[in-house]
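The values are calculated or read from the model by the stated rules, or taken from the named source; none is laboratory data. Bear in mind the structure is a predicted one, so any value in this text is a computation, not a measurement. A quick note on method: Cβ atoms are made from the backbone with ideal geometry, for glycine too, and the neighbour counts reach across all protein chains shown. Side chains are part of the model used for accessible areas, which takes the heavy atoms of the whole protein and leaves out ligands, DNA and RNA. Shrake-Rupley method; radii C 1.70, N 1.55, O 1.52, S 1.80 Å.
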Amino acid sequence: MSASNGPDAVGGTAAGGVRHVAIIMDGNGRWAKKRFMPRAFGHKRGVDTVREVARAARSMGLEALTLYAFSSENWKRPEDEIADLMGLLRTFIRSDLDEFIANNIRLKIIGDYQALAPDIVEMIEDAMARTAGNSATTLAIALNYGSQQEIARAAARAAAKGAITAEAIEAELDTADLPPLDLLIRTSGEIRLSNFLLWQAAYAEMWFTDVLWPDFTATHLKDALDQFASRERRFGGR
Ligand code: IPE
Ligand code: IPE
Ligand code: MG
């Protein structure tokens, strides 16, 4: 990740006040289909985009980038596609962990990752432990993540500790240690949240693009941040 240590790769040095961006990485299957290739090919190229965008987030000075990689509803997909996705996850952690360590990136997982295969849980926990002290950017990957389930878990924990208030639930969310969500991006032209960060998106800005995830670049991220900078956020005030 040499580019991230030097000047900003896509021009500009600050992220325009944005601290936390989340992305629903969608469109791998359609990207592959357009090329008469199997869906797995699209997922593989999607991982390359994850790498590029994570590097860009680091060089743009974002505090956190949260990526939706596998939803709690994605288990409905055919077994072979799920196996391909889990295989790519293993490869990604194996091949990119050193880069995270070298570039001061903290890896965090949100979602019920404990329900994944034991070897993946072990890899994830090792990667999180080895990057826990890193402070430049947190790369949060949502795995077996569903926002409604996350809120239910948080509410149950809040109840066990006392009152169920908005603050108490928020403090128990998987994202509790991340900055507030500023900007939520979805690729591939779908205008829906698909059970992602429902609570956290309460006052997030939204940016939707028709670009399919494997075609998404650091320049698209920069475009989204530029547009964010021109928006007036009111949070209910005036
Ligand atoms: C996003 O691409 C990746 C995951 C949901 C894991 P899709 O696989 O949903 O691609 P499309 O939406 O079918 O094009
Ligand atoms: C959302 O994409 C989940 C991820 C990007 C991991 P989907 O492709 O699963 O969402 P739907 O089914 O189109 O809503
Ligand atoms: Mg999809």
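Normalise the Debye intensity by I(0) for the chain, one equal point scatterer per Cα, no solvent, then take log10 at q = 0.14, 0.18 Å⁻¹ and round to two decimals.
-0.94, -1.58
Suppose all protein chains stay in the model; what accessible area per residue would a 1.4 Å probe give for the chain, in Å²?
On a per-residue basis, 48 Å².
Under the rule of -39500 (n - 2.57) per DSSP H run of 4 or more residues, summed and divided by the residues of the chain, what mean residue ellipticity at 222 nm is obtained, to the nearest 500 deg cm²/dmol?
-13500 deg cm²/dmol, from helical runs alone.
Relative contact order for region 168-238: what is it in percent, counting Cα pairs under 8 Å that are at least 6 residues apart?
32
Report the GluC sites (Glu not before Pro) located in region 29-83 that are in a DSSP loop and have at most 15 other Cβ atoms inside 10 Å of their Cβ, or state none.
Here the GluC sites (Glu not before Pro) that fit, given the DSSP loop and packing criteria, are Glu73.
Given an 8 Å cut-off on Cα distances and at least 6 residues of separation, report the relative contact order of the chain as a percent.
In percent, rounded to a whole number, it is 28.
Considering only protein heavy atoms and a probe of 1.4 Å, how much of the accessible area of the chain is carbon and sulfur, as a whole percent?
Ligands and nucleic acids excluded, carbon and sulfur give 53 percent.
If you stretched the chain out fully between Ala83 and Ala102, how much longer would it get, using 0.36 nm times the residue separation minus the C-alpha to C-alpha distance?
Here the answer is 3.9 nm.
Principal axes first, then extents: for the Cα atoms of region 19-68, list largest minus smallest coordinate on each axis, whole Å, largest first.
So the extents along the principal axes, rounded to whole Å, are 38, 16, 13.
Going 7 Å from the Cα of Ala152 along its beta-carbon direction, which residues of region 69-89 have the amide nitrogen within less than 19 Å of the resulting point?
Label zone hits: 70-77.
Within region 19-100, list the trypsin sites (Lys or Arg not before Pro) lying in a DSSP loop whose Cβ has at most 12 other Cβ atoms in a 10 Å radius.
Taking region 19-100 and a limit of 12 other Cβ atoms within 10 Å, the loop trypsin sites (Lys or Arg not before Pro) found are Arg35.
Could you please report the charge total around Glu99, scoring K, R as +1 and D, E as -1 over all other residues with beta-carbon less than 11 angstrom from its beta-carbon?
Spelling it out: positives minus negatives among the neighbours equals +1.
Quick one: net charge of Gly16's neighbours, Cβ under 10 Å, K/R +1, D/E -1?
Net charge around Gly16: -1.
For the pair Ser135 and Thr165, how long in nm is the line joining their label points, each one 7 Å along Cα→Cβ?
It works out to 3.0 nm between the two label points.
What does the convex hull of the Cα atoms of region 131-214 come to per residue, in Å³, rounded to a whole number?
That works out to 129 Å³ per residue.
Within the chain, what's the longest stretch lacking chymotrypsin sites (Phe, Trp or Tyr not before Pro) that sit in DSSP loops with no more than 10 other Cβ atoms inside 10 Å?
37-234
In the neighborhood of Phe235, defined by Cβ-to-Cβ distances under 13 Å, what is the net charge if each Lys or Arg adds +1 and each Asp or Glu adds -1?
Charge balance in the 13 Å sphere: +1.
Determine, for region 15-229, the count of lysine pairs separated by eight or more sequence positions (or lying on different chains) whose alpha-carbon distance falls under 30 Å.
12
What's the center-to-center distance, using Cα atoms, between region 43-71 and region 91-143 in Å?
13
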